[in-house]
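The values are calculated or read from the model by the stated rules, or taken from the named source; none is laboratory data. The model shown is predicted, which means the values in this text are computed figures rather than measured ones. Every residue, glycine as well, gets a Cβ built from its backbone with ideal geometry; the counts of neighbours run over all protein chains shown. All accessible areas refer to the heavy atoms of the entire protein, side chains included, with ligands and DNA or RNA removed. Shrake-Rupley method; radii C 1.70, N 1.55, O 1.52, S 1.80 Å.
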Amino acid sequence: MTMLIDSHCHLQFVQFQDDRPQVLERAQQAGLSAIVVVGTDANDSRQALALAGAHPNLFATVGWHPHQAAEFDDQQRLALRRLAESPKAVALGEIGLDFYRNLSPPETQRAVFQQMLDLAGELRLPVVVHSRAAEDEVFAILSGWAAQVKGQWPQERPLGVVHCFSGDLALALRYVQLGFLVSIAANVTYPNAHRLTSVVAGLPLERLLVETDAPYLTPQSMRPQRNEPSFIVETVGRIAEIRAQTVREVAEQTSANAAALYGIALAGASEPPEKRDTR
Ligand SMILES: [Zn+2]
């Protein structure tokens, strides 16, 4: 069985309320050994943590999405801080800037992003970053944060991940240089994904993650239905094709990358029984 991790989805969302057990069952059948459920505000992060608490293979992140920045206040910050200390909270996010939809004023988005980064530094949690139509500014802010925290960060551990990456290869390489991973979603399966294709081809496999961002971003062959973690197989297949590597190589390395980022111990990572000395 190939090892696979969906490094970013929103299983706590209402889109899964009617059939979550079946979705999890299909994920298991597809070979997913872990799923990271990503929070977007305090309430939603609490639900992500509750799900993670109920399933050994589920983990959660605690975050405040830039869309909701206008609703952030000190009370919410305290709530997030408490949630982020729970054992199954593996990262802070998603956080960032979204000047495409601009659902909260840019000034407010910047202030909340910075507060969340400060909290991540304080708790030494990696960050899950959302960046849309704000590429240069997000990179500049993360560069500043990286400089602050690097001294106290474990050598091998990535600082975070830029989720659903949509920039060009040059930007992806700058993120890698900075100590970040780059996460690829199913938009790489879309026919017009030329820029993302060169990102996937041009980065070391050790710096890539794979995610569904479910219920959003359904892979090409499953459109227009709701996305779910088991559909990650199509994205992994496309990445393997682009890189001329096997699906197994891509699945195993990207899972190891996700496990290292989030500090997840992979149960299936031990030697298979037939290799054990049976004398
Ligand atoms: Zn997301």
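Gap in Å between the Cα centre of the range 1-54 and the Cα centre of the range 208-259? Taking the Cα centre of the range 1-54 as reference, the centre of the range 208-259 is 15 Å away. Each other residue within a Cβ distance under 15 Å of Ala170 adds +1 if Lys or Arg and -1 if Asp or Glu, for a net charge of 0. Solvent exposure of the range 8-53 amounts to 41 Å² per residue of accessible area, where only protein heavy atoms count and the probe is 1.4 Å.
Pairwise inverse Cα distances across the chain, averaged and inverted, put the Kirkwood hydrodynamic radius at 18.8 Å. Here the accessible area is traced with a 1.4 Å probe on the protein chains. For the range 122-279, carbon and sulfur cover 51 percent of it. Calculated [222 nm] ellipticity per residue, helices only, for the chain: -13000 deg cm²/dmol; basis is -39500 (n - 2.57) per DSSP H run with n ≥ 4, divided by all residues, nearest 500.
Mean sequence separation of contacting Cα pairs (under 8 Å, at least six apart), scaled by the length of the chain, corresponds to a relative contact order of 19 percent. Between exposed GluC sites (Glu not before Pro) in the chain, where DSSP calls loop and at most 13 other Cβ atoms lie within 10 Å, what's the longest gap? Answer - 157-279.
For the range 73-152, applying the loop criterion from DSSP together with a ceiling of 15 other beta carbons within 10 Å to the trypsin sites (Lys or Arg not before Pro) yields Arg101, Arg124. For the options Val161, Val23, Val37, a Gaussian network treatment of the chain with springs between C-alpha atoms closer than 10 Å singles out Val23 as fluctuating the most. Once Rg and the Kirkwood radius are both taken over the C-alpha atoms of the range 148-274, their ratio Rg/Rh works out to 0.98. Taking every protein chain into account, the accessible area of the range 179-218 amounts to 31 square angstrom per residue (probe 1.4 Å). For an R0 of 30 angstrom, estimate the FRET efficiency from the Cβ-Cβ distance between Glu71 and Asp118 and round to the nearest 0.05. The calculated FRET efficiency here is 0.95. Inter-part distance, the range 162-186 to the range 75-125, computed on C-alpha centroids, equals 19 Å. In this structure, Ser221 and Ala260 have a Cβ-Cβ separation that, at R0 = 45 Å, corresponds to a calculated FRET efficiency of about 0.90.
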